[in-house]
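Chemist: Pasting a structure below so you can have a look.
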Amino acid sequence: MIANNPTRSHMPHGGSTRRSNELEHPMNVSASINVLRLLANPTLCLPHYTVSTFDQLPVPLSSACSKYGTEKGPDIRAVVLDKDNCFAVPKQNSVYPAYSAKFDELRKAYPDSRLLIVSNSAGTSSDKGYQEADLLERNTGVKVLRHTTKKPGCHAEIMSHFRNAPETGVTASNQVAIVGDRLFTDVLMANMMGSHSVWIKDGVVPDHGLLSRVEKGLSGFLLRRGYAAPNPRSDFE
Ligand SMILES: [Mg+2]
């Protein structure tokens, strides 16, 4: 994750610096480029629903996002979970013990392929031989997406997973909720793909890094001025 180490963050300090950082850390190009979308539409970083920690998630998630659905409410058929500082201590590949009951509740509500872990560590090119992803799957019983592009750029790979699992009933991205602790990766991706975004604001361990402070500063600024997250839509399909 780029988030926990401010020295590796990719906020645009200036054109030449940003380009050289991207060359040194090619895996983070997705985050760097897509954060620029926020300049055109800052509300892309605003979540539809916010909780402090993972164990406060409402299940089913459609109950939380009710104001963003049709008259019947949103039709959330599948859930994507971030790992680091969402349901796990960063760099650990197991559910944080205090969250195990909530994790099991989610597995029951979204069985089999309806629950998917999409991490920017386990299951990416930084995960040699996908050893972390394999361990995480054994520890959680939940599929970990192997993806070539990091969040927020991997929405096509996420939707491909759901399309290949017809039992999920997912035919459109507004039937998916994305849960994570990062506004510039998890929430930005959810809004770019037209899904529901659920922000874990505080996570397992406090994050006082530069990126976290920028995220919270920008979202607070926008919310105080009356901005809101864009409505989930499915023109991505
Ligand atoms: Mg995270």
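Chemist: Under unit Cβ charges (Lys, Arg +1; Asp, Glu -1), what dipole magnitude, rounded to 20 debye, does the stretch 45-206 have relative to its Cα centre?
Modeler: Roughly 140 debye for the stretch 45-206.
Chemist: Which of the residue pairs 108/151; 150/201; 83/108 have a Cα-Cα distance greater than 24 Å in the structure shown?
Modeler: 108/151
Chemist: Could you tell me the center-to-center distance, by alpha carbons, between the stretch 126-168 and the stretch 87-112 in angstrom?
Modeler: 16 Å
Chemist: Mind ordering 164-171, 209-216 by average Cβ neighbours within 10 Å, highest first?
Modeler: 209-216, 164-171
Chemist: Could you give the nm distance between label points at residue 218 and residue 171, where each point is 7 Å from its Cα heading toward the beta carbon?
Modeler: Result: 3.5 nm between the two label points.
Chemist: Here's something else I'd like to know. Dipole of the stretch 45-206 (Lys/Arg Cβ +1, Asp/Glu Cβ -1, origin at the Cα centre): which of 176, 193, 145 lies farthest to the positive side?
Modeler: With unit charges placed on the Cβ atoms, the residue in question is 193.
Chemist: Another question, then. Does the stretch 26-158 come out rounded, prolate or oblate by the C-alpha gyration tensor, with a ≥ b ≥ c the root eigenvalues, rounded set by a/c under 1.5 and, if not, prolate when a/b is larger than b/c and oblate if not?
Modeler: oblate
Chemist: Moving on to the next point. Given H placed 1.01 Å from N in the peptide plane, which residues other than close sequence neighbours of residue 84 have an amide H under 5 Å from its amide H?
Modeler: 120
Chemist: Here is a follow-up. Return a whole-number percent for the relative contact order of the stretch 45-206, with Cα pairs under 8 Å and 6 or more residues apart as the contact set.
Modeler: 32 percent
Chemist: Is the C-alpha gyration tensor of the stretch 91-177 telling us rounded, prolate or oblate? Criteria: a/c under 1.5 is rounded; beyond that, a/b larger than b/c is prolate, otherwise oblate.
Modeler: oblate
Every number in this text was worked out from the coordinates using simple rules, so none of it is lab data. Note that the structure is predicted; figures quoted are calculated from it, not measured. Positions of Cβ are generated from backbone atoms using ideal geometry, with glycine treated the same way; all protein chains shown enter the neighbour counts.
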